[in-house]
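Read the figures in this text as sums done on the coordinates, not as results from a lab. Predicted, not measured: the structure shown is a model, and the values here were computed from it. Note: ideal-geometry Cβ built from the backbone for every residue, glycine included; neighbour counts use all protein chains shown.
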Amino acid sequence: MEINRVSPERVANEHYELIIIGSGFGSTFFLNEAVKHLSGRALVIEWGDHYPWATQVRERRNSDIPHASTYENLGDKPWNMTIALGGGMNCWFSQALRLHPKDFHMKTLYGVSNDWPVDYEALEPYYCQAETIMSISGDPAMASILPRSMPFPQPPHKGTTVDEMMKAIMPDRHFIVPTGRASVANDQRGVCCANATCYQCPVNAKFTAENGFPTLFAHPKVDVCVRSEVKSLDYQGDTITAAVFESNGRQYKVHGDMFVLGANAIQAPAILLRSDIVYGETALNLHEQIGADVEVYLDNLASMNGSTISTGLNYHFYDGDFRSERSASIVTFENRWPHGLRPEPDKWHHLLPLSIVSEDLPSLNNRVTVDPGSGQAVVHHAGPSEYGRKGLDYVIDNLDELLAGIPVESVHFRRWRATESHLQGTLRMGVNGDGSVIGHSLLHHQKRNLVVVGSASFPTCSPSNPSLTVAALSIRAAELLYGKGALA
Ligand SMILES: Cc1cc2nc3c(=O)[nH]c(=O)nc-3n(C[C@H](O)[C@H](O)[C@H](O)COP(=O)(O)OP(=O)(O)OC[C@H]3O[C@@H](n4cnc5c(N)ncnc54)[C@H](O)[C@@H]3O)c2cc1C
Ligand code: SF4
């Protein structure tokens, strides 16, 4: 991937029409839409370096900056991300789920958490656009619960024998997983061959910034300043005027008309705290899903024969009135063996690994602060809510409901997962005055030229993976701000 690399010295004290902080999902999908409408230039300021795919595979790492060195963690839970050009598009596993229509109305329907200021219908065309850019492969039958106005760009992966049985038993609850792991090769990507090291895909099958946006960072209107950490924003009244960043131990300042804050959900609030821009629940509500792994030994049934690492997605425990008391859960039917294969002769593949993922509740106690001495982001997280654990426990206790139609020899609980690698919620969207920080178009409530993109914007958790929604929200925000002339 070519990039228009510029040095910090060259951009220092310059003025850009658009300044984008970070280059992950939120930032890049925003830039890709915004650049069509710019008359001036855009600058991307990225903390990490450009770490090309080939280097990542060779060195077996996504970045030379260990992510845990970028914040201090006062809790037990790890928080994973990539600090490099492309952010989470480097390391993600490419599970590309839409949220469920009911996920957007948790307060109204179930009396818990928050409502989103957008709904599924408003986001649906943008989900389609994001899926097209990522060339998502998916199961057309999913439209029965997640309505869609366009077919998936790629056909679904081949499910396992168990998936075929489950689809016959639960045709409107069991689907082949939607994913950016290609089922069909294109100019940029190979076909997924299910070898299960997706954080560094050796055959370049999953969607990444490099294969999905091969020319964006070399666009004639885009400059990219890597190895530059944004520390704070300057403002006058309701207007952001400049970004202050550090590179190689030196501080620089660059001015702009419009600012997009797309650092991750730990760093973005830290930047606002260091800038003394605190409005609503800034830096509070850090959350993500909670999960557990279970293995099912199948009774004389060979499976593990799908065409990608996770093949089945089951919505049996996803939605219902129970969400007023316990969390929704999604169950992924795996085609990989995180706990090894079965040891018995001829039974290695008589196996069904399951990942159970449940939503958690955002809490004001789980938050980001900054160290007063060093200015580093500090994460405080006291653990999952009782609501979250109740839903997860319910699924584990009631798996026989789900597995009733397949031959089960035994079920084995394997582990609570420490993290789902989805940081969310520290600058949540909502209606001005309800504690939220940004509105439905991702514009900050108080600063008129500041857009916050990325999973920091999530007002609730949902059991579904976040990144497709991050991408869809960014495309919508850029279109509302530029394409429809809202800023004029
Ligand atoms: C191992 C792993 C697997 C995952 N798998 C999936 C999956 O299968 N499906 C899914 O939906 N999600 C997955 N995720 C989550 C996904 O990566 C995130 O949801 C997504 O990246 C969030 O987008 P974002 O724009 O908020 O942040 P990011 O994509 O993390 O982007 C933030 C960017 O900001 C940069 N940055 C941070 N601070 C600064 C600063 N101060 N100055 C300048 N730049 C800065 C970072 O380097 C990065 O480029 C996975 C995550 C991990 C770690
Ligand atoms: S399963 Fe293998 S081929 Fe498919 S995306 Fe993951 S690493 Fe790449």
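Listed values, structure above:
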| quantity | calculated |
| --- | --- |
| Virtual spin-label span in nm between Met150 and Thr239, 7 Å along Cα→Cβ | 3.7 nm |
| By average C-beta atoms within 10 angstrom, highest first, the peptides 217-227, 353-363 | 353-363, 217-227 |
| Efficiency of FRET between Lys231 and Ala196 - r from beta-carbon atoms, R0 45 angstrom, step 0.05 | 0.70 |
| Projected area, mean over directions - the stretch 183-340, Cα convex hull, nm² | 15.8 nm² |
| For Lys231, residues with placed amide H under 5 Å, excluding near neighbours | Val244, Phe245, Glu246 |
| Whole-angstrom gap from the stretch 242-273 to the stretch 65-102, using each part's C-alpha centre | 19 Å |
| Full-extension gain in nm, Ser410 to Asp187, via 0.36 nm per residue minus C-alpha separation | 75.8 nm |
| Pair-distance profile P(r), taking every C-alpha pair of the stretch 245-306, with 10 angstrom steps and integer % | 13, 30, 18, 11, 13, 11, 2 |
| Lys pairs, the chain - Cα-Cα below 22 angstrom, 8 or more residues apart or on other chains | 14 |
| In Å, descending, principal axis extents of the Cα set of the stretch 386-488 | 65, 27, 20 |
| All Cα pairs of the stretch 8-483, percent lying beyond 30 Å | 43 percent |
| Segment Asp434-Val203, extension gain: residue separation times 0.36 nm, minus the distance between their alpha carbons | 78.5 nm |
| Projected-area average for the stretch 279-425 over all orientations - Cα convex hull basis, square nanometres | 11.5 nm² |
| Rounded to whole Å, sorted largest first: equivalent-ellipsoid semi-axes of the stretch 305-381, Cα gyration tensor | 37, 22, 10 |
| Charge dipole (debye, nearest 20) of the stretch 8-483; +1 at Cβ of Lys and Arg, -1 at Cβ of Asp and Glu | 780 debye |
| Mean separation of Cα contacts under 8 Å (6+ apart) over length of the stretch 8-483, as relative contact order % | 24 percent |
| Within the stretch 362-382, backbone nitrogen closer than 16 Å to the virtual label 7 Å beyond the Cα of Leu74 toward Cβ | 363-382 |
| Extension reserve of the Ala382-Ile169 stretch, reckoned as 0.36 nm per residue once the Cα distance is removed | 72.7 nm |
